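The values are calculated or read from the model by the stated rules, or taken from the named source; none is laboratory data. Just so it is clear, the structure is predicted and the values come from calculations on it, not from any experiment. Heads up, the Cβs are rebuilt from the backbone with ideal geometry, glycines too, and the neighbour counts pull from every protein chain shown.
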Amino acid sequence: MEDCIFCKIANHVIESNYVYEDELVAAFRDMNPQAPTHVLVVPKEHYANIVDGVPAQTLAAMAHAVDEVAKAEGIRESGFRVIANTGDDAGQTVHHLHWHVLGGTNMGEGLMP
Ligand code: 5GP
Ligand code: ZN
């Protein structure tokens, strides 16, 4: 999609700091990290969010990418958090589906601030 920053990053129109990539997805570091590891996993095709008719194959590729990121970052055993902000109440600011992978610190048990 034109003028979508994550379309551009995922498809190398704009380069970023990539951690993992395959045919369907790219994973790159968030420009404003909220944890020692803060990586965004995004599909190369444009979907607005997780309820935008995302094919099962793409969701599976995103889950695989999370695993690869966790291994590469050394947080697979210590634990990590995956967040998909969806819509206004969740504070979604980039309207291209992305999963935040956060780790490298103990985030405690609460989900809400
Ligand atoms: P949201 O609030 O939509 O779930 O999160 C969007 C995330 O994308 C934010 O954490 C923000 O820092 C990150 N972000 C926005 N624009 C860019 C960019 O151009 N490059 C990178 N690497 N991250 C971005
Ligand atoms: Zn997009």
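Here are the numbers for this structure:
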| item | result |
| --- | --- |
| Cross-chain or 6+ apart pairs with Cβ under 8 Å, the range 1-25 first and more than 16 Å from V101 (Cα to Cα), then surrounded by fewer than 12 Cβ atoms within 10 Å (Cβ to Cβ) and charged (D, E, K, R) | I9/E15 |
| Residues located in the range 44-95, provided they are within 14 Å of ligand 2 (Cβ to nearest atom), exposed (fewer than 15 other Cβ atoms within 10 Å of the Cβ) and of a type in the set (S, T, Y) | T93 |
| Pair list, Cβ under 8 Å, 6 or more apart: the range 86-113 residue over 24 Å from A72 (Cβ atoms) and within 15 Å of ligand 1 (Cβ to nearest atom), other residue among the aliphatic types (A, V, I, L, M) and part of a loop (DSSP other than H, G, I, E, B) | T86/I50; T86/V51; H95/A48 |
| Single unsatisfied condition, G110 versus (1) modelled with pLDDT of 95 or more; (2) small (G, A, S); (3) more than 16 Å from ligand 2 (Cβ to nearest atom); (4) in a loop (DSSP other than H, G, I, E, B) | (1) |
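This table checks each residue for (1) part of a loop (DSSP other than H, G, I, E, B); (2) under 29 Å from S78 (Cβ atoms); (3) more than 11 Å from ligand 1 (Cβ to nearest atom).
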residue	(1), (2), (3)
M1	yes, no, yes
K8	no, no, no
E15	yes, no, no
A27	no, yes, no
L40	no, yes, no
D52	yes, no, yes
H64	no, yes, yes
